[in-house]
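Read the structure below first, then the notes.
The values are calculated or read from the model by the stated rules, or taken from the named source; none is laboratory data. This one's a predicted model, so the numbers in the text were calculated from it and none came from an experiment. Cβ placement follows ideal geometry from the backbone for every residue including glycine, while neighbour counts extend to all protein chains displayed. In case anyone asks, the SASA skips ligands and DNA or RNA and just uses the protein heavy atoms, side chains included. Shrake-Rupley method; radii C 1.70, N 1.55, O 1.52, S 1.80 Å.
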Amino acid sequence: MRNLRPFTYLGDYINGAFVLPKEKSEEFESLNPGNLKDRLSTFSTSFSHVRLASEAAKRAFPKWRALPQEERAIYLKKLYKEIETHLDQMAELISRETGKPFWEALQETQGLLGKITITLEEGASLISEKEVPNAQPKLMGRYRYKPKGVMLVLGPFNFPAHLPHGHIVPALFTGNTVIFKPSEQTPAVGQLMAELIHRAQFPPGVFNLVQGEKEVGRRLCTEPAIDGILFTGSYDVGLKIKESVLSHFWKTVVLEMGGKNASIVLDDASLEKTLYENIKGAYLTTGQRCSATSRLIVTEKIADTFIKEFHRLSKELKIGYAFEEGPHTPFMGPLISQAALDKYLRFQGIAQREGAQVLMRAKALEFTYPGYYVSPSICILSPKKEFSTYLETEIFGPNVAITIVKNVDDAIEEANKTDYGLVVSVFTKDKKAYEKVFQETKTGLVNWNRATVGGSSKLPFGGQGKSGNQFPTALFAPFYCTYPVACLEDTQDMIQETIPPGLPLHGKN
Ligand code: NAD
């Protein structure tokens, strides 16, 4: 097994330098949920850093905005090289702070590189300047996109590098400056991201890092210098953020939130592929994905075989420590915290009290490395008749609720019984059934014969309802980082239009 690198806490990154807080307003610890003996460091922050970082980002904005886009792209290309050189180190920290298997952490780091390429190549063209001849008679019009100012990025723990980076890169590229607050559960990954930006020699103040827990996040949101909040996290916190800045009407608030995603399996689905995709959907990252499949809706004829096989595979998944190798390499690691583990087990009780039949029981597991390991769990439900706390709550663990229905219409009705709206998948050979699911559900992503997990950075990614407020990220991120400006351009000295009556001018200069 690998030797883990030592980790040194450097403080917050403000105005181009790492600074340790003089007085400590908050202290919290980063530890490995897959090996509780692996404690990375104690982190702290001073509330005064909130203002310092905001001022640094605000000061840096005019110069950064004034750079041609091609010059900002040069900095991002340098960042690409730094990430590429530090892929292994980054993946190691991701695995240590989240517990996700090392192979999966490596995939996350590859996503960071892809994000830079896609932003520079495809994102840029979305916000390129457009000429509109005859916008008014004989007059050239143009629309051009301008950056908004200082963007605050608030990150979640489950993809601690990829998801914040998905906001940071387009924000910087389009000319905004950034303050990043990583999740308090993954501060070391956040620090490494700041170190790589430092190595790429971005001008001071263009990117800033402030570590902290929710109070730091709250204070950052309400800083007057902040022009946009780019949040990825839970619905409850998203709602609090929106409420906290109601009177800050000028701020763009982008909320990428949770899911309660349904996967519909119809009778004609190809069994092996459907099993593979849905096992992935339900259990990758130990079910801790916004796009995780938490509801499986299966039609009657395929139900018995599908459920039997799904159950068998669920029992055989390899669960374990992120850095195990060879035949011990795990498919899934632990949950993120004791609180997450308690919630996961608690919801089994809630499901049972609401009438669910437990096919596979959720259990806390003990391994050589002490951590928050759990078994997957499966509940069988009868089609939902009334409100269910179990079915309305994002459990964020490897739990699936299976409902058996008669046909695609019933499946769609079942899928729509949630206030979340991130992803829906349908498994069928019938394109018409896919089209029906597309038309009659309300989610930001609709997948055909593919798991609910595994979105593409080359497409928009965002949810409806409790999943998001209609500012999709991924490919579309440049839109919420900018605002369009309409320009009418008249280069003639002569008045170009008929002068209205009652005005003593003759249309001549
Ligand atoms: P979380 O909501 O608990 O925390 C997210 C961030 O918000 C953290 O940095 C946290 O410190 C900060 N925060 C907490 N309270 C705050 C407040 N009052 N003001 C400002 N900031 C505050 O989320 P998490 O547990 O880290 O991540 C899991 C959640 O994220 C799940 O709900 C998951 O579905 C969601 N998620 C969504 C997407 C998406 O793209 N839609 C992607 C990944 C994760």
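A few points about this structure:
- Within region 140-158, considering residues that are away from the ligand (no atom under 16 Å from the Cβ) and either aromatic (Phe, Trp, Tyr) or open to solvent by 30 Å² or more (accessible area, probe 1.4 Å) (or both), the one nearest to Glu104 (Cα to Cα): Lys148
- Residue within region 396-412 that is closer than 21 Å to Lys301 by Cα, in the same structural domain as Lys363 (by TED's automatic domain parsing) and in contact with a Gly (Cβ under 9 Å, 6 or more places away or on another chain) present: yes
- For region 185-223, the set of residues classified as free of Cβ contacts under 8 Å to residues at least 60 places away in the same chain and more than 23 Å from Ser30 (Cα to Cα) consists of Thr222 only.
- In region 402-509, counting only strands (runs of 3 or more DSSP E) that sit wholly within it, the ones holding 1 or more residues that are touching a residue at least 12 places away in the same chain (Cβ under 8 Å), away from the ligand (no atom under 16 Å from the Cβ) and open to solvent by 40 Å² or more (accessible area, probe 1.4 Å) span 445-448, 482-489.
- Set side by side, the residues Phe310, Phe367 differ, and just one is in contact (Cβ under 8 Å) with a residue 24 or more places away in the chain and open to solvent by 20 Å² or more (accessible area, probe 1.4 Å), which is Phe367.
- Of the residues Thr305, Thr299, Thr286, the single one that is touching a residue at least 60 places away in the same chain (Cβ under 8 Å) and either surrounded by fewer than 20 Cβ atoms within 10 Å (Cβ to Cβ) or under 22 Å from Gly155 (Cβ atoms) (or both) is Thr286.
- Yes/no for Ala91 being open to solvent by 30 Å² or more (accessible area, probe 1.4 Å) and at pLDDT 95 or above: no
- Taken across region 129-139, residues that are open to solvent by less than 20 Å² (accessible area, probe 1.4 Å) and either assigned to a strand (DSSP E or B) or modelled with pLDDT of 95 or more (or both) do not occur at all.
- The single condition from (1) at pLDDT 95 or above; (2) in contact with a Lys or Arg (Cβ under 9 Å, 6 or more places away or on another chain) that Lys384 fails is (1).
- Lone unmet requirement of (1) among the hydrophobic types (A, V, I, L, M, F, W, C); (2) in contact with a strand residue (DSSP E or B) (Cβ under 7 Å, 6 or more places away or on another chain); (3) more than 28 Å from Lys37 (Cα to Cα); (4) surrounded by 19 or more Cβ atoms within 10 Å (Cβ to Cβ) for Met332: (3)
- Here Ser125 passes the criteria (1) part of a helix (DSSP H, G or I); (2) open to solvent by 10 Å² or more (accessible area, probe 1.4 Å); (3) under 30 Å from Thr329 (Cα atoms) except the one numbered (3).
- Phe323 at positive phi and either aromatic (Phe, Trp, Tyr) or buried (at least 20 other Cβ atoms within 10 Å of the Cβ) (or both): no
- The selection criterion, being away from the ligand (no atom under 16 Å from the Cβ) and polar (S, T, N, Q), does not hold for Gln338.
- Flag if Gly114 is assigned by TED's automatic domain parsing to the domain that holds Gly212, over 19 Å from Gly212 (Cα atoms), touching a residue at least 40 places away in the same chain (Cβ under 8 Å) and open to solvent by 10 Å² or more (accessible area, probe 1.4 Å): yes
- Considering residues of region 1-34 that are of a type in the set (S, T, N, Q) and buried (at least 17 other Cβ atoms within 10 Å of the Cβ) only, the residue modelled with the lowest pLDDT: Ser25
- Of the residues making up region 159-192, those that are among the polar types (S, T, N, Q), open to solvent by less than 10 Å² (accessible area, probe 1.4 Å) and within 15 Å of the ligand (Cβ to nearest atom) number 3.
- Residues in region 65-99 that are in contact (Cβ under 8 Å) with a residue 24 or more places away in the chain and among the polar types (S, T, N, Q): Gln69, Gln89, Ser95, Thr98.
- Qualifying residue in region 235-250 (condition: under 30 Å from Lys77 (Cα atoms) and assigned by TED's automatic domain parsing to the domain that holds Glu82): no
- Look at (1) among the acidic types (Asp, Glu); (2) touching a strand residue (DSSP E or B) at 6+ places or on another chain (Cβ under 7 Å); (3) within 23 Å of Thr109 (Cα to Cα) and you find that Glu195 fails only one, number (2).
- Reported count of residues in region 140-187, each being of a type in the set (D, E, K, R) and in a loop (DSSP other than H, G, I, E, B), is 2.
- Only residues that are open to solvent by 10 Å² or more (accessible area, probe 1.4 Å) and out of contact with any Asp or Glu (no Cβ under 9 Å at 6 or more places or on another chain) were counted across region 199-216, and they come to 4.
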